[in-house]
Every structure is written in C-alpha cells, then in structure tokens.
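Reviewing the structure listed below.
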Amino acid sequence: MTKRRKLAAGNWKMNGTSAELGEVSALIKAHPAPGCDILLCPPATLLSRMAGQIGDAPIAVGGQDCHAELSGAHTGDISAGMLVDAGASHVILGHSERRSDHDEHDEDVRAKARAALAAGLKVVICVGETLAEREAANTLEIIGGQLAGSIPDLVTGDTLIVAYEPVWAIGTGKVPTTDQIGEVHDFIRLKLEKRLGAGVALSVRILYGGSVKASNAAEIFAVSNVDGALVGGASLKSADFSPIIAALEASG
Ligand code: PEP
C-alpha cells in the first residue's frame, strides 16, 4: 500500500496582520519535528514575513490564489512567480469562496493550476458540493465534474493535493458524517486513478475541509482516503490548530 505523508493545511483566508505572527512562533515551538506535513496559507501581505519567520522549521507556506498569467495589467492580482518569490511552495486554488466571490469556474482553476505548476508550486485544488447539490443527490457528479475540469494534465503525486470541502460545511460548524466523507474521498481516489493512473493517483493527498476542529479531527482522520485536513477558522490560533495536527500525527 502506498504510504502518503499526512498534511495539515491552514487557510487563514482574509485574516491576520503582523500582530498574528506570534501564532506561527507558537506553532513552530509546539511542533519542532512534526509527524506530518504542515502548511500555512496566510494572506499575501504576510507571506514573505511568515516564510522568513519560519526559516528552516518544518512548516511550509502557501498562497490562497494566483493569477493564470505570468505578469501584466491585472490590478490587485498576484502571479504564481510572485508567490514563489515571497517564499511560498504551495497555492490553494478553486476554494469555494473564490468560486462564489470571484465567479471562478473549473477552467479558471485549471489555468491557474497550470501557471502555478510552471512556477514550481504544489497546488491544493478544492472541490465540493453545495447543500442544494447534496440534497438533490448530485454530490458525486459535481465532484467528478470539478475534478475533471480543474486539474491540469501535468500533475504528479507530489505536486497535486486535492481538498474535498463541502460548501455547506465551510465555516458553519456542520460536518458531513464519516460515511459521507469516506464516500467522496473514495470516489476522488477512483477518479484520480482513472485519469492519472494508479502510480500517480495513489500518491496524491486528499484532504477533508469544512469545520474541522480538535473535537472532530480524530474521527475524520480515521476515514479511508483522508490524508489530512484543510482547516480555516481553527488554523488561526496555534492553540486550536496544534491539537488537530496532533490528531493527524496520531492517526498514523
Ligand atoms: C476553509 O476555508 O477551507 C475551511 C475549511 O474553513 P473552516 O475550517 O473554517 O470551515
């Protein structure tokens, strides 16, 4: 069986100024030699300071979005190369808040992912159904379409990470049952195998995201094909994120 190193990823969203960088110091102190990968994705304004602060400690830094073009007249946007220059090794793409707030579609996500991979970034591609889609029993169809449309061809087991984030679970405190999570994660693995071949697909980490916290983390991490979590609100404070990391380490 392919052993995938687990990943705890924190998405700070539009939260955090220099005052919050102390949380990173606390996290470094709490996990000097983590038994899983740790990734923090702060707002772009904090990227280079956070990367500098982390230095050689085993925590990676990532962006929350990038533009599909290398450079040019795109006011307010950030290129993949700029993320790399700021110290990022990863970028989250296709988060449901980008899809809804900025009308991003699968083809936009795929173009951004191509640019990110070309710049040397690993991509965390988010997929997930709305409540209406789940209630209409369309979850797997939606996820299948998002995977097919958002993931570019040139990914490897190392450069692609998929995050399953049911839209209705993000920031709401609502969490799918472990059966529901397992069904979607198994489905994602199967789709990746069909598309990329087993060799690549079995190395891709599939994260669960949506209201993960210390109290539900162990149960979620025990589900098949859950290789870690993409955590929003509970990643902002070391005291909240650290027990989630510990639960992931303990999940083996
Ligand atoms: C997210 O933003 O990716 C997320 C999962 O948020 P939360 O953990 O706050 O639900």
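Would you be able to say whether some residue in region 94-105 is farther than 23 Å from Arg205 by Cα, surrounded by fewer than 18 Cβ atoms within 10 Å (Cβ to Cβ), more than 17 Å from the chain's Cα centre (by Cα) and away from the ligand (no atom under 16 Å from the Cβ)?
Yes, region 94-105 contains a residue that is farther than 23 Å from Arg205 by Cα, surrounded by fewer than 18 Cβ atoms within 10 Å (Cβ to Cβ), more than 17 Å from the chain's Cα centre (by Cα) and away from the ligand (no atom under 16 Å from the Cβ).
How many residues are over 21 Å from the mean Cα position of the chain (by Cα) and either within 16 Å of the ligand (Cβ to nearest atom) or assigned to a helix (DSSP H, G or I) (or both) if we restrict to region 1-19?
Qualifying residue count for the region: 2.
Which of the residues spanning region 148-164 are in a loop (DSSP other than H, G, I, E, B) and touching a residue at least 12 places away in the same chain (Cβ under 8 Å)?
Ile151, Pro152, Leu154, Val155, Thr156, Gly157, Asp158, Thr159
For region 29-39, enumerate the residues that are within 20 Å of the chain's Cα centre (by Cα) and not in a loop (DSSP other than H, G, I, E, B).
Asp37, Ile38, Leu39
Counting residues that are touching a residue at least 60 places away in the same chain (Cβ under 8 Å) and not β-branched (Val, Ile, Thr), which helices (runs of 4 or more DSSP H) fully inside region 40-121 reach at least 1?
Numbers: elements: 47-54, 80-85, 96-101, 106-118.
In region 40-121, the matching helices (runs of 4 or more DSSP H) lie at 96-101.
Quick one: Thr172 ticks every box in (1) within 9 Å of the ligand (Cβ to nearest atom); (2) closer than 17 Å to Ile92 by Cβ bar one, so which box is it?
Of the numbered conditions (1) within 9 Å of the ligand (Cβ to nearest atom); (2) closer than 17 Å to Ile92 by Cβ, the odd one out for Thr172 is (2).
Out of all the residues in region 188-244, which are buried (at least 16 other Cβ atoms within 10 Å of the Cβ), closer than 13 Å to Thr178 by Cα and hydrophobic (A, V, I, L, M, F, W, C)?
Hits for region 188-244 are Val212, Ala217, Ile220, Phe221, Val223, Val226.
With the requirement that a residue be more than 11 Å from the ligand (Cβ to nearest atom), more than 12 Å from His185 (Cα to Cα) and touching a residue at least 60 places away in the same chain (Cβ under 8 Å), what does region 203-252 give you?
Those that are more than 11 Å from the ligand (Cβ to nearest atom), more than 12 Å from His185 (Cα to Cα) and touching a residue at least 60 places away in the same chain (Cβ under 8 Å): Ser203, Lys237, Ser238, Ala239, Ser242, Ile245, Leu248, Glu249, Ser251.
Each value in this text was obtained by applying a stated rule to the coordinates, not by laboratory testing. Here the structure is a predicted model, which means the values were calculated and not measured. No Cβ is skipped: glycine too gets one built from the backbone with ideal geometry, and neighbour counts run over all protein chains shown.
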